[in-house]
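Beneath this line is the structure, given in structure tokens, with notes to follow.
Each value in this text was obtained by applying a stated rule to the coordinates, not by laboratory testing. All of these numbers come straight from a predicted model, not from anything done at the bench. Every residue, glycine as well, gets a Cβ built from its backbone with ideal geometry; the counts of neighbours run over all protein chains shown.
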Amino acid sequence: MIAPSLLAADFGNLQRDVEMINNSNADWHHIDVMDGVFVPNISYGMPVVKAIAKYATKPLDVHLMIVDPDRYIKTFAALGATNLSVHYEACTHLHRTLQAIKAEGMKTGVALNPHTNIMLLEDTIKDIDVVCMMSVNPGFGGQSFIENTYDKIRALKALIERKGASTLIEIDGGVTATNAKALKDAGADVLVAGSFVFNSENPVESIQELKDIAG
């Protein structure tokens, strides 16, 4: 699946870019919420997510890069999030957080920073619908892909299979037509692409290119 990251969209033409994703072969809208504390950047908050939800016809894949995400689980459910990913590193009681996300009717997501070992999810993997594996350091778009990601994908895939889980593996950061096939071959199920899509001359064609390569 392909999830264009709206962090790279043109915020002066946000409705246009959301509708472009609607009309493309993309699968999800990927929405990055940053607080300037957990990551060294501030992106957008609830009013922008509400505006995206107003026009989006595909699932909203919300990625919270914030401290104490439990405070906002009900809020993002009310805004229409389909998937809600919280960072492992930001959750003191991850299992409780996952239960709270499920209780609001959303799919559970856990994001991992590049340095975080996937084995830390061993006890919760069956409660996680999507693992959002960061393949760049979170906070800014347009960064270079971290090559160690391939080994982490393979290790995570092995953990999922060993535990009999049905968790999807999502890769976020530095995804392009150059590495899409290798990521799929390693075990990725969802590719998040921001700069590659929105900086191209024809974003719809770029989305289709990723679908074709990773298909």
Taking the Cα centre of each part, how many Å lie between the stretch 76-107 and the stretch 179-213? 26 Å
Computed over the Cα atoms of the stretch 2-214, what is the convex hull's projected area averaged over all directions, in nm²? 10.4 nm²
Which of the aspartates and glutamates could a cross-linker span from K211 if the Cα-Cα distance has to be under 16 Å and same-chain partners fewer than 8 positions apart are dropped? D27, E170, D172, D185, D189
DSSP beta bridges in the chain, what fraction antiparallel, as a percent rounded to 5? 5 percent
Distance in nm between A103 and A177 label points, each 7 Å along Cα→Cβ, equals 4.7 nm
Defining a contact as two alpha carbons under 8 Å apart and six or more residues distant in sequence, what relative contact order in percent does the chain show? 21 percent
Distance in nm between pseudo-label sites at D185 and D70 (7 Å out along the Cβ direction from Cα): 4.4 nm
With a Cα-only, solvent-free Debye model of the stretch 78-203, what are the log10 I(q)/I(0) values at q = 0.10, 0.19 Å⁻¹? -0.31, -1.07
